[in-house]
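Inspection log for the structure reproduced underneath, given as structure tokens.
Please treat every number below as a calculation from the coordinates, not as lab data. This structure is a prediction, so every number in the text was calculated from the model and none was measured. When we count neighbours, we look across all protein chains shown, and the Cβ atoms used for this are built from the backbone with ideal geometry, even at glycine.
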Amino acid sequence: SADWTALRELVSGCQRCKLCKTRTQTVFGVGNTSAPLMVVGEGPGADEDAQGEPFVGRAGKLLDEMLRSIGRSRADNTYIANVVKCRPPGNRDPEPDEVEGCRPYLDMQIQLLQPKLIVALGRIAAQRLLSTDQPLSRLRGPLHQYGKFQTPVFVTYHPAYLLRSPKEKAKSWEDLKKVWQHLHLGQ
Ligand code: URA
């Protein structure tokens with residue numbers, strides 16, 4: 001936990017990219033630091049920038065429900081972070097240089113956590129994490145691998161997208177079942 005504290009402090013003073021100029025505060029991550037499941041989103045929005053915690057707005061409430069449906073919560077068995085730790089102004093997509101500037105922090109979080117599975121939420125988080133420009137329709141489904149630990153990665157819809165397109169919730173439920181199976185049955 002000394003490592004987590006040091007990393008959080010390092011991030012809180014970060015000036016590696018231009019997002020530091022417009023943020024209220026960094027949004028490091030939340031959850032259990034020995035969780036087998038890590039959820040990775042895109043970047044903080046206005047609510048997260050104000051509160052300093054990921055996924056606390058409307059999309060966050062839906063994410064909490066999705067996690068609860070597979071017996072997970074940020075309070076105990078899940079860790080939640082974003083590919084960038086600072087809010088992109090006006091909620092634009094994080095730019096490639098911002099994601100690359102922030103990647104060492106994400107990689108250190110993964111190194112400390114060593115999760116059994118990462119779930120990437122939405123096209124931007126998935127494309128940036130996996131360094132690909134494949135569409136979400138192709139990224140959903142197969143198990144990917146990330147980084148030096150070759151951590152398994154599943155990709156699913158972003159909860160903000162599901163709020164706009166509720167008919168996709170059925171497919172998101174299929175993804176969540178696969179997440180459950182991977183965590184509990186290792187398949
Ligand atoms: N959307 C994200 O991708 N991350 C957050 O933390 C909040 C909303």
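A few comments on the model shown:
- Volume of the Cα convex hull of the chain, divided per residue and given in Å³: 107 Å³
- Ranked for footprinting exposure by Cβ neighbours inside 10 Å, fewest first, 64, 133, 97, 107 give 133, 97, 107, 64.
- Computed over the range 105-177, Cα set: Rg, Dmax in Å: 12.6, 37
- All-pairs alpha carbon distance profile, the range 51-106, 10 Å steps from 0, percent: 20, 44, 30, 5
- Listed peptides 122-131, 45-54 appear in the order 122-131, 45-54 once ranked by packing, highest mean of other Cβ atoms within 10 Å at the front.
- Burial ordering of 26, 151, fewest other beta-carbon atoms within 10 Å first: 151, 26
- Rounded Å value of the spacing that divides the Cα centres of the range 89-115 and the range 131-187: 18 Å
- Taking each DSSP H run with n ≥ 4 as -39500 (n - 2.57) and averaging over every residue of the chain yields -13000 deg cm²/dmol at 222 nm.
- Residues 17, 102, 86, sorted so that the one with the fewest Cβ neighbours within 10 Å comes first: 17, 102, 86
- Residue among 161, 79, 105 with the largest mean-square fluctuation in a Gaussian network model of the chain, springs linking Cα atoms under 10 Å: 161
- Under the convention that each Lys and Arg Cβ holds +1 and each Asp and Glu Cβ holds -1, the size of the dipole of the range 45-187 around its Cα centre is about 560 debye.
- Bridgeable lysines around residue 178 (alpha carbons under 20 Å apart, same-chain partners fewer than 8 residues away excluded): 116, 167, 169.
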